[in-house]
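Student: Sharing a structure here in structure tokens format.
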Amino acid sequence: MAAVVALGANVLSAKSIICDIEGTTTSISFVKDTLFPYALKHVEGYLKNNWNEEATKTVVTALREQAEEDKKAEVEGVVPIPTGDTEDIIPEIVKNVEWQMSLDRKTGSLKTLQGLVWAKGYKDGSIKGHVYDDVQKAFEQWTENGRKIYIYSSGSVDAQKLLFEHSEQGDLLKYLSGHYDTKIGAKREKESYTSILKNIESSPEEALFLTDVYAAETKEENGGATNGKRKIEETNDDVAEEDKAQPSR
């Protein structure tokens, strides 16, 4: 188990807490071993059963446009999606999704389609969103202490909401003040954090970004918000729980 990290005054005074998901609130294995296989197994059925829905038409158009961009960029192995609006093209869409997921791509169109597929699983009880045992308690205490909690993850906003609404610990959406995905910018770009801080009307000194990713830890890289790895620690009367280094997994 990693050693407990001493918390600085800037961490303890943070008024806005921005959480990553994978490896921070939720096990990476849940995404890799539960969500991704579910999407692969059910994407064809979703497309067939919802082909005439507006959301399906929109995401198919976006997938086709992404495939065209990939072709122009000469991305190796790209699977094109034929033009047309008949169900005959569903097998090619499925192949494109399988190809993208095999490369762990995080394109907006793929994330949107995955979210649509997962929605059915969450709502019929086939999927329960995994969160670590201490997440609900931390959310409760941060909220009681007047802190605002936000989510910033590469998964689509809709997928984020599904996970926390249908979590193993019940509906946790009530603790969350906002959600951000890569539409606001890539996770390792300073401008993404600057935009989030502007959107939530927070100064860098008042914000804390929690993640398990070590690659972007400095204030210069994340737009000024203090960066913390996942941890929970007993502190003083004002803050009962904060970040303690997560045991290695």
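The values are calculated or read from the model by the stated rules, or taken from the named source; none is laboratory data. Not measured: the values here are computed from a predicted model. Cβ atoms come from the backbone with ideal geometry, glycine included; neighbour counts cover every protein chain shown. The accessibility values were calculated without ligands, DNA or RNA, using every heavy atom of the protein model including side chains. Shrake-Rupley method; radii C 1.70, N 1.55, O 1.52, S 1.80 Å.
Student: With a sphere of radius 15 Å drawn around the Cβ of E69, what net charge do the other residues whose Cβ falls strictly inside it have (Lys, Arg +1; Asp, Glu -1)?
Tutor: Counting the neighbours of E69, the net charge comes to 0.
Student: Related question: Given a cut-off of under 8 Å on Cα pairs at least six residues apart, what relative contact order in percent is computed for region 93-214?
Tutor: 22 percent
Student: Which net charge results when you count Lys and Arg as +1 and Asp and Glu as -1 among the other residues whose beta-carbon is under 13 Å from that of W51?
Tutor: -4
Student: Further question: Counting only the heavy atoms of the protein chains, how much of Y193 is accessible to a 1.4 Å probe, in Å² to the nearest 10?
Tutor: Here the residue's solvent-accessible area equals roughly 10 Å².
Student: Further, regarding this structure: Keeping every protein chain in place, order D158, D181 by accessible area at 1.4 Å, biggest value first, i.e. largest first.
Tutor: D158, D181
Student: Determine the distance separating the Cα centre of region 100-127 from the Cα centre of region 145-190; give it in Å without decimals.
Tutor: Value for the Cα centre distance between the two parts: 15 Å.
Student: Would you mind calculating the relative contact order of region 29-124 from Cα pairs under 8 angstrom and at least 6 residues apart, reporting the percent as a whole number?
Tutor: Dividing the mean separation by the residue count of region 29-124 yields 35 percent.
Student: Fully extended, how many nm does the chain gain between N145 and T86 (0.36 nm per residue separation, minus their Cα-Cα distance)?
Tutor: 15.9 nm
Student: Also: Using a 1.4 Å probe and ignoring any ligands, DNA or RNA, find the accessible area of R147 and quote it in Å² to the nearest 10.
Tutor: So the heavy atoms of R147 present about 20 Å² to solvent.
Student: If you don't mind, another one. So how much accessible area does H130 have, in Å² to the nearest 10, using a 1.4 Å probe?
Tutor: Spelled out: H130, probe radius 1.4 Å, area about 40 Å².
Student: Measure off 7 Å from each Cα along the Cα-to-Cβ vector at V94 and N199, then give the distance between these two points in nanometres to one decimal.
Tutor: Inter-label distance under the simple model: 3.5 nm.
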